[in-house]
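Report on the following structure.
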Amino acid sequence: MKENARILVVDDEPLVCLSLTNWLKEENYLARAVEDGPKAIAAVQADKWDIVLLDLKMPGMDGLEVLRQIKSLAPQTVVVMMTAYASIASSVEAMKEGAYDYIVKPLDVEELTMMLHKIVEHQQLVTENILLRKQVNERYSFEDIIGKSEPMQRVFEMVSTVADTSATVLITGETGTGKELVARAIHTHSSRRYGPFVAVSCSALPDTLLESELFGYERGAFTGAERMKKGRFELAHGGTLFLDEIGDVSLKTQVKLLRALQEKTFRRLGGTETIEVNIRLIAATNRDLIKAIEQNAFRSDLYYRLNVVNLHLPPLRERKEDIRLLVAHFMNKYNVEFSKTFDRIEDEAMALMMDYSWPGNVRELENVIERAVVIDHGPEIKARHLPFCNMPLTVAPAEPTHTMEEMEKQHILSMLEREQWNIARTSRVLDIDRTTLHKKIKKYGLERP
């Protein structure tokens, strides 16, 4: 138990104040007594108190009004009501106003001892959790990226190194590893942090729309272009342009993209004016661009223009020591969002998570924790909450035995089957938008059984 907790006694009976403060000091608490409401409020304004033992019935300002003001001044202070007139109505009203509990006079020393021990131990746990979260944030996180593993520490170091330069960065890694989070972290820690961060999902748009999205268009450039529209290059002026899934861009658009990067100028579709921009480019892909170059699907000159600094994000299966931290992070996040009280995870559930190969990486883990928090009341995430609880666990091969496209096809199919072909849920697990998922389904000829 935490010793020397600070306890304020508020009671209009001098004998109660004297006997209670003497007993509390014998129990290693720091205790002080005041005899009315205004003095209690002044004491709370002047000092920090862990617990207030507050008499309900006092002349002048009564206990309920004092309670309201204490909770307004110091919400973290625990207030226990003392009353010789116990009633359901008074106790319910006190609870509504934020009282922790109430105890009936004459005080039962054993009951009060147990209550105080429980309060102080809970406060100590809350304090330790706050400190732990602070330590985790200081040691194991960078913006919203969590990881204590050696691969992630190298990522944090690289982000810190390249952030405040103008170098173009190519982020590689599987779907769901957090490539956009890393891009945002680089922007946030750069000299361009006060400029715009503009993200484009290159795989979400057909080639004809992607070009107009990147470079904008003039009025009348094509049917339906009723007014001028600025493109993402122009909107990112003075900031960072993030091109996600750059490997899905067509060769035709790659040529225009390369020219814009080399010359730092472009023209809107249908326009004649040359527009100059000052941007920092970050690109990302889950494809093997070297192989794409060999297959004449990606331009080598564009690749070398993008790959000034390469930052590779490891899949979750290669940094499983981060799973506990990530689970705690997402559990706290969705506790707040859904007003739940999950605070731990069953050993069996954690063992399943550690054994699972996480083909959807951190995005899939977040989806699993969100689902677990939504479908139950807590406080523990159990094995039965996990969607893969009764599935045979897939083990990632030590070396790739299939092409990237074959692996992507199989992964998308397995996620579709797991989510019963629910496109919205599957796209969230895969961390892609629904348009891209439909394109992939069509590309690989996937059909619902």
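The values are calculated or read from the model by the stated rules, or taken from the named source; none is laboratory data. Fair warning: this is a prediction, and the values are worked out from it, not measured in the lab. Glycine also receives a Cβ, built like all others from the backbone with ideal geometry; neighbour counts cover every protein chain displayed.
Residue-level analysis places THR177 among those that are assigned to a loop (DSSP other than H, G, I, E, B), surrounded by 19 or more Cβ atoms within 10 Å (Cβ to Cβ) and out of contact with any strand residue (DSSP E or B) (no Cβ under 7 Å at 6 or more places or on another chain). In the range 223-264, the residue that is surrounded by the most Cβ atoms within 10 Å (Cβ to Cβ) out of those that are β-branched (Val, Ile, Thr) and in a loop (DSSP other than H, G, I, E, B) is VAL249. Restricting the first member to the range 146-173 and to residues that are in contact (Cβ under 8 Å) with a residue 40 or more places away in the chain, and the second to residues that are surrounded by fewer than 15 Cβ atoms within 10 Å (Cβ to Cβ) and of a type in the set (Lys, Arg), the beta-carbon pairs closer than 8 Å and six or more apart or on different chains are LYS148/ARG139.
Taken over the range 339-359, the criterion of being more than 25 Å from SER414 (Cβ to Cβ) and either among the β-branched types (Val, Ile, Thr) or surrounded by fewer than 13 Cβ atoms within 10 Å (Cβ to Cβ) (or both) is satisfied by SER339, THR341, ASP347. Summed over the range 206-222, residues that are buried (at least 18 other Cβ atoms within 10 Å of the Cβ) and either touching a residue at least 40 places away in the same chain (Cβ under 8 Å) or in contact with a Pro (Cβ under 6 Å, 6 or more places away or on another chain) (or both) total 7. Taken residue by residue, the range 386-408 has no member that is modelled with pLDDT of 80 or more and in a helix (DSSP H, G or I). Just so you know, in the range 265-315 the residues that are charged (D, E, K, R) and farther than 19 Å from ILE171 by Cα include one that is surrounded by the fewest Cβ atoms within 10 Å (Cβ to Cβ), and it is GLU273.
Kindly establish whether VAL16 is closer than 21 Å to ALA84 by Cα, more than 39 Å from the chain's Cα centre (by Cα) and modelled with pLDDT of 95 or more. No, not satisfied.
Considering the range 22-56, the residues that are over 18 Å from GLU121 (Cα atoms) and buried (at least 20 other Cβ atoms within 10 Å of the Cβ) include one that is modelled with the lowest pLDDT, namely LEU56.
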